[in-house]
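The values are calculated or read from the model by the stated rules, or taken from the named source; none is laboratory data. It should be emphasised that the depicted structure is a prediction, and the values quoted were computed from it without experimental measurement. Cβ: placed from backbone, ideal geometry, glycine included. Neighbour counts: every protein chain shown.
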């Protein structure tokens, strides 16, 4: 037994340096790994931040979706107004939207290409409020991605088509000459509704506070049998045939 114990003690004595060396190597590798992690931490943080910035940029460049109901409403509109030219009306709606934003950008209501007195007064009021508060709203590099009909309404003789556009622009605000919200170098995606209304008597509608549409015969005052009627069903007086000037834009509003 004494011989066996002696041999075991000798083996243990010889193994201790090996065990110690192994533990030292393990500890060294652990410490080295930690140091490497610390050294790579700034790089990993930078990569994470870049990923977040790239994701934000993708969101900024992705157009907003619009309420596309053209296929639903256009057949109804053309049934009421067979002579209406949809593509031309859509182009006009986009031009009104762009000119409205440019008017705000330059604080000049005269840049609005067309619109009822209702829309022009709304634009002038917005500009006057900005000027009174010493503020500016800037819209640059305006780009329209898509425009669709989102609503068609006939209420109490008032007929309106609402176009909705997905629009992109550089947008920022300023107050008393100092930069405020937004950035000149960053894009913003938004949606706008542009309302187009049918005007049987444009001069009359322009003088009405709400640009309402009295769909009546100009001779006897009887209600017209349908939108776009060519003559009165009661006195046979001719009604002015459809003309592109009988449509005008009454509102521009951003959709949140």
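Scanning the range 153-162 for residues that are surrounded by fewer than 17 Cβ atoms within 10 Å (Cβ to Cβ) and in contact with a strand residue (DSSP E or B) (Cβ under 9 Å, 6 or more places away or on another chain), which turns out modelled with the lowest pLDDT?
Step by step, filter the range 153-162, then rank; the result is 157.
Condition first: closer than 16 Å to residue 167 by Cα and crowded, with 18+ Cβ neighbours inside 10 Å. Can you find one or more residues in the range 70-81 that meet it?
Scanning the range 70-81, I find no residue that is closer than 16 Å to residue 167 by Cα and crowded, with 18+ Cβ neighbours inside 10 Å, so the answer is no.
Each row is one residue, and each column tells you yes or no for (1) more than 17 Å from residue 254 (Cβ to Cβ); (2) modelled with pLDDT of 95 or more; (3) assigned to a strand (DSSP E or B); (4) in the same structural domain as residue 84 (by TED's automatic domain parsing).
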residue: 124; (1), (2), (3), (4): yes, yes, no, yes
residue: 141; (1), (2), (3), (4): yes, no, yes, yes
residue: 164; (1), (2), (3), (4): no, yes, yes, yes
residue: 170; (1), (2), (3), (4): no, no, yes, yes
